[in-house]
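Chemist: Next up is a structure, given as structure tokens.
The values are calculated or read from the model by the stated rules, or taken from the named source; none is laboratory data. Values in this document were obtained by computation on a predicted structure and should not be read as measured data. Cβ atoms come from the backbone with ideal geometry, glycine included; neighbour counts cover every protein chain shown.
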Amino acid sequence: MIRRMGLALGLAGAMMMSSAAATAQKTDAKQAFQRASDAYFDEVYFPFQPTNGTLAGYHQYDAKLEDFSAASRMAEVAALHRAEHRVEAIAPATLDQPTRADRALVLANIHSRLLTLQTIRPWQKDADTYSSTISNGIFSLMERKFAPADVRLRAVVEREKQALTLLQQARENLTDAPHVYTEIAVEQLPGIISFFQQDVPTAFADAKDPAVRAAFAHSNAALIAGLQQYLHWLQTDLLPRSHGDFRWGAETFRKKLAYDEMVDIPLPRLLAIGEADLRKNQAAFNKLAREVEPNKDPRTVLEELGADHPAPDQLLQSFRNTFNGLIEFIQQKHIVTIPSQVRPIVEETPPFMRATTFASMDTPGPFEQHATEAYFNVTLPDKSMTPEQVESYMHSFNVGTIVSTAVHEAYPGHYVQFLWVPKAPSRVRKLLGASSNAEGWAHYCEQMMLDEGYGQPGAGAKTEREAKLLRLGQLQDALLRDARFVVGIQMHTGSMTMEQAIAFFQQEGYQSRETAMVETKRGTSDGTYLYYTLGKLEILKLRSDLMKKEGAAFSLEKFHDAFLSQGFPPIKIVREAMLGDESPTL
């Protein structure tokens with residue numbers, strides 16, 4: 001008996017020692033990964049993408065601008081491979097679940113960047129890559145007052161000097177430009193030039209150092225002249241010989257989806273999923289439209305819905321006015337915890353972003369300590385538009401889509417998700433994520449809020465008819481995202497032309513021609529913009545699976561809070577954390 005007890009104690013002791021050794025091994029592996037991931041950010045990610053450093057809140061990068069030279073590209077590819085090997089050397093089995101997920105996230109980011117540099121090659125194809133990199137680099141220094149004006153203006157001068165080199169690199173690199181890419185760059189450049197002529201000097205009017213002001217006057221004038229020359233070169237030289245192909249092809253599309261969203265569903269099945277959701281939303285829209293106007297075609301009801309919009313000069317205030325009701329509803333119905341009472345600032349979209357977006361949320365970086373304002377950007381009609389064009393454009397901001405857009409961009413969409421970022425479990429989760437999570441969450445919220453009762457009489461709507469119009473607006477936005485889903489896959493795999501895509505957005509996505517043209521242009525470079533619907537469907541499935549698992553204990557608020565606390569990684573990672581398994585995301 002004594003011997004058996006001794007043996008048992010010996011086994012228990014051995015197991016404890018083994019457990020302690022395993023714990024120590026996991027601790028060592030986690031620390032090794034943290035060193036490797038920190039090295040990736042500090043030696044590769046931000047040094048080669050310094051504007052991202054500024055945007056993240058790391059201001060040691062403020063005086064640097066991206067470099068598109070062949071030497072820089074080769075150096076970045078080599079650095080990416082070194083980082084890849086360092087992270088891959090850490091066996092995933094030695095890590096706990098959150099760190100294992102972070103490892104996968106870092107490797108996916110490395111692979112995506114390599115795919116962009118070596119296969120998609122925007123540096124060789126996209127003229128707007130250069131001019132928008134310049135404007136974004138300067139905008140990141142002026143939008144938020146994270147340092148005194150003189151300090152930030154010194155960084156502007158340094159970036160403007162490097163911008164001239166960037167424009168020269170564009171002339172050397174752009175040897176395979178698709179016509180549509182050059183068209184977009186030409187369309188964007190007048191706004192970018194105006195941005196440097198008017199917006200940048202105004203933003204730094206309070207700078208006091210005479211030497212800095214003089215240096216800025218020189219660098220800014222030189223850059224304006226350089227951008228004007230760049231526009232002339234695009235129009236007279238590059239555009240006539242822009243015969244490149246914007247299409248990625250099925251294999252590159254598949255890889256980008258796998259790296260960015262961790263989705264490996266075969267493209268034919270993925271396309272079928274998008275088409276099925278499109279048909280479902282079309283049927284719901286048509287049914288509701290007949291309830292609103294029994295004797296009219298749903299397309300006619302859509303036109304009437306589009307005509308119910310504010311005047312352009314009241315559009316920004318219309319968005320602001322929705323915030324009170326949304327916040328009150330979220331709190332009363334226990335939809336999700338809102339970590340701050342500070343609201344985003346609603347303003348007009350910066351000039352260099354206006355050609356390809358109607359509305360967006362611009363939040364400060366996760367490590368920004370001094371200037372933490374968030375901006376809700378709305379693109380107003382261009383002053384060059386005719387009254388008829390303005391009216392058609394404003395159909396995209398009807399009474400239904402204003403609510404849907406406010407939900408998407410602010411409450412409880414992007415802005416609330418941003419407020420949760422400080423709770424993310426690691427530096428990796430604060431910096432890296434997936435569009436299918438961020439955009440999927442925002443798009444999911446559009447439907448979820450109405451499903452939970454927002455937009456009913458007394459809760460966002462005055463009458464039953466207005467409630468139905470709000471739902472029609474949400475469905476029209478859902479159809480827009482469904483159309484992106486289908487168009488992105490089909491354009492980049494060669495089964496749909498741009499004209500066919502424009503027609504598809506109009507006929508199947510229920511959008512105006514102006515919207516259809518903007519969306520099609522966007523899809524030529526943002527090919528995987530199916531991530532809106534993709535993410536929404538993944539979140540709905542995750543919620544359904546968790547409801548089955550938890551039964552009566554399920555809480556919508558707890559689900560949303562737990563979801564947002566993960567950061568914004570691909571839903572595959574969130575599922576594993578919340579469900580404890582690797583079940584399919586769709």
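Chemist: Could you please find all residues in the range 113-156 being modelled with pLDDT of 95 or more, aliphatic (A, V, I, L, M) and more than 23 Å from ALA83 (Cβ to Cβ)?
Modeler: If the condition is that a residue be modelled with pLDDT of 95 or more, aliphatic (A, V, I, L, M) and more than 23 Å from ALA83 (Cβ to Cβ), then ALA127, ILE134, ILE138, LEU141, ALA147, ALA149, VAL151, LEU153, ALA155, VAL156 are the ones that fit.
Chemist: Got at least one residue in the range 451-466 being farther than 23 Å from VAL518 by Cβ, modelled with pLDDT of 95 or more and under 25 Å from the mean Cα position of the chain (by Cα)?
Modeler: Yes, that holds for at least one residue.
Chemist: Return a yes/no flag: does the range 508-519 have any residue that is in the same structural domain as THR405 (by TED's automatic domain parsing), of a type in the set (Lys, Arg) and either at pLDDT below 95 or touching a helix residue (DSSP H, G or I) at 6+ places or on another chain (Cβ under 6 Å) (or both).
Modeler: Yes.
Chemist: Among the residues of the range 550-564, is there at least one that is in contact (Cβ under 8 Å) with a residue 24 or more places away in the chain and among the basic types (Lys, Arg)?
Modeler: no
Chemist: A follow-up question, please. Quick check, is SER525 buried (at least 18 other Cβ atoms within 10 Å of the Cβ) and either of a type in the set (Val, Ile, Thr) or in contact with a helix residue (DSSP H, G or I) (Cβ under 8 Å, 6 or more places away or on another chain) (or both)? Give the derivation first.
Modeler: Details: buried (at least 18 other Cβ atoms within 10 Å of the Cβ): yes; either of a type in the set (Val, Ile, Thr) or in contact with a helix residue (DSSP H, G or I) (Cβ under 8 Å, 6 or more places away or on another chain) (or both): yes.
Answer is yes for this residue.
Chemist: Then there's this: Of all residues in the range 102-128, count the ones that are farther than 12 Å from SER37 by Cβ and either of a type in the set (S, T, N, Q) or out of contact with any His (no Cβ under 9 Å at 6 or more places or on another chain) (or both).
Modeler: Number of matching residues: 18.
Chemist: Criterion first (on the phi > 0 side of the Ramachandran plot and among the basic types (Lys, Arg)) does ARG113 satisfy it? Outline the logic, then answer.
Modeler: Details: on the phi > 0 side of the Ramachandran plot: no; among the basic types (Lys, Arg): yes.
No, not satisfied.
Chemist: Does MET394 satisfy the condition of being part of a loop (DSSP other than H, G, I, E, B) and either buried (at least 21 other Cβ atoms within 10 Å of the Cβ) or among the hydrophobic types (A, V, I, L, M, F, W, C) (or both)?
Modeler: Working: part of a loop (DSSP other than H, G, I, E, B): no; either buried (at least 21 other Cβ atoms within 10 Å of the Cβ) or among the hydrophobic types (A, V, I, L, M, F, W, C) (or both): yes.
It is false that MET394 is part of a loop (DSSP other than H, G, I, E, B) and either buried (at least 21 other Cβ atoms within 10 Å of the Cβ) or among the hydrophobic types (A, V, I, L, M, F, W, C) (or both).
Let's see how each residue does on (1) within 29 Å of the chain's Cα centre (by Cα); (2) assigned to a helix (DSSP H, G or I); (3) without any contact (Cβ under 8 Å) to a residue 12 or more places away in the chain:
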residue: THR236; (1), (2), (3): no, yes, yes
residue: ASP264; (1), (2), (3): yes, no, yes
residue: ILE273; (1), (2), (3): yes, yes, no
residue: LEU278; (1), (2), (3): yes, yes, no
residue: ASN281; (1), (2), (3): yes, yes, no
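Chemist: Then there is this: Return yes when ARG152 is among the basic types (Lys, Arg), in the same structural domain as ALA185 (by TED's automatic domain parsing) and touching a Leu at 6+ places or on another chain (Cβ under 6 Å) and no when it is not.
Modeler: Numbers: among the basic types (Lys, Arg): yes; in the same structural domain as ALA185 (by TED's automatic domain parsing): yes; touching a Leu at 6+ places or on another chain (Cβ under 6 Å): yes.
So ARG152 fits the description; yes.
Chemist: Output the residues belonging to the range 490-520 that are small (Gly, Ala, Ser) and on the phi < 0 side of the Ramachandran plot.
Modeler: Across the range 490-520, the qualifying residues are SER495, ALA501, ALA503, GLY509, SER512, ALA516.
Chemist: Further question on the same structure: Within the range 566-583, can you find the residues that are among the small types (Gly, Ala, Ser) and more than 18 Å from the chain's Cα centre (by Cα)?
Modeler: ALA577, GLY580, SER583 - these are the residues of the range 566-583 that are among the small types (Gly, Ala, Ser) and more than 18 Å from the chain's Cα centre (by Cα).
Chemist: Restricting attention to the range 368-419, report how many residues are touching a residue at least 12 places away in the same chain (Cβ under 8 Å), more than 30 Å from GLY57 (Cβ to Cβ) and aliphatic (A, V, I, L, M).
Modeler: 5
Chemist: Looking at (1) more than 22 Å from ALA461 (Cβ to Cβ); (2) outside any helix (DSSP H, G or I); (3) of a type outside the set (A, V, I, L, M); (4) modelled with pLDDT under 90, which one does THR337 not meet, given that it meets all the others?
Modeler: Among (1) more than 22 Å from ALA461 (Cβ to Cβ); (2) outside any helix (DSSP H, G or I); (3) of a type outside the set (A, V, I, L, M); (4) modelled with pLDDT under 90, THR337 violates only (4).
Residue by residue, here is whether (1) over 18 Å from TYR61 (Cβ atoms); (2) in contact with a strand residue (DSSP E or B) (Cβ under 7 Å, 6 or more places away or on another chain); (3) charged (D, E, K, R) holds:
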{"residue": "LEU117", "(1), (2), (3)": "yes, no, no"}
{"residue": "ILE120", "(1), (2), (3)": "yes, no, no"}
{"residue": "ASP126", "(1), (2), (3)": "yes, no, yes"}
{"residue": "SER140", "(1), (2), (3)": "no, no, no"}
{"residue": "LYS145", "(1), (2), (3)": "no, no, yes"}
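Chemist: How many residues are out of contact with any Gly (no Cβ under 7 Å at 6 or more places or on another chain), under 29 Å from PRO387 (Cα atoms), among the aliphatic types (A, V, I, L, M) and surrounded by 14 or more Cβ atoms within 10 Å (Cβ to Cβ) if we restrict to the range 259-310?
Modeler: 4
Chemist: Does LEU231 satisfy being buried (at least 21 other Cβ atoms within 10 Å of the Cβ) and out of contact with any strand residue (DSSP E or B) (no Cβ under 6 Å at 6 or more places or on another chain)?
Modeler: Taking the combined requirement at face value, the residue does not satisfy it.
Chemist: Kindly indicate whether LYS549 is basic (Lys, Arg) and either farther than 23 Å from HIS334 by Cβ or not assigned by TED's automatic domain parsing to the domain that holds GLU446 (or both).
Modeler: no
Chemist: Looking at (1) more than 20 Å from the chain's Cα centre (by Cα); (2) within 25 Å of GLY567 (Cβ to Cβ); (3) crowded, with 21+ Cβ neighbours inside 10 Å, which is the only condition SER140 fails?
Modeler: So the condition that SER140 fails would be (1).
Chemist: Do we have any residue at all in the range 560-571 that's of a type in the set (Phe, Trp, Tyr), more than 30 Å from GLN124 (Cβ to Cβ), surrounded by fewer than 22 Cβ atoms within 10 Å (Cβ to Cβ) and assigned by TED's automatic domain parsing to the domain that holds MET448?
Modeler: No.
Chemist: Could we say that ILE110 is within 19 Å of LEU166 (Cα to Cα), in contact with a helix residue (DSSP H, G or I) (Cβ under 6 Å, 6 or more places away or on another chain) and not assigned by TED's automatic domain parsing to the domain that holds ARG575 here?
Modeler: Spelling it out, it is not the case that ILE110 is within 19 Å of LEU166 (Cα to Cα), in contact with a helix residue (DSSP H, G or I) (Cβ under 6 Å, 6 or more places away or on another chain) and not assigned by TED's automatic domain parsing to the domain that holds ARG575.
Chemist: OK, next. Given (1) touching an Asp or Glu at 6+ places or on another chain (Cβ under 7 Å); (2) at positive phi, where does GLY453 come up short, assuming only one miss?
Modeler: Among (1) touching an Asp or Glu at 6+ places or on another chain (Cβ under 7 Å); (2) at positive phi, GLY453 violates only (1).
Chemist: Tell me whether the range 344-360 contains one or more residues that are more than 30 Å from ALA185 (Cα to Cα) and either hydroxyl-bearing (Ser, Thr, Tyr) or part of a helix (DSSP H, G or I) (or both).
Modeler: There is no residue in the range 344-360 that is more than 30 Å from ALA185 (Cα to Cα) and either hydroxyl-bearing (Ser, Thr, Tyr) or part of a helix (DSSP H, G or I) (or both).
Chemist: Follow-up question, since we're still on this one. Restricting attention to the range 425-468, which residues are surrounded by fewer than 20 Cβ atoms within 10 Å (Cβ to Cβ) and assigned to a loop (DSSP other than H, G, I, E, B)?
Modeler: Of everything in the range 425-468, those that are surrounded by fewer than 20 Cβ atoms within 10 Å (Cβ to Cβ) and assigned to a loop (DSSP other than H, G, I, E, B) turn out to be PRO425, SER426, GLU452, GLY453, GLY458, LYS462, THR463.
Chemist: On the given criteria, is GLY458 within 18 Å of ILE327 (Cα to Cα) and either touching a Pro at 6+ places or on another chain (Cβ under 8 Å) or free of Cβ contacts under 8 Å to residues at least 40 places away in the same chain (or both)?
Modeler: The answer is yes for GLY458.
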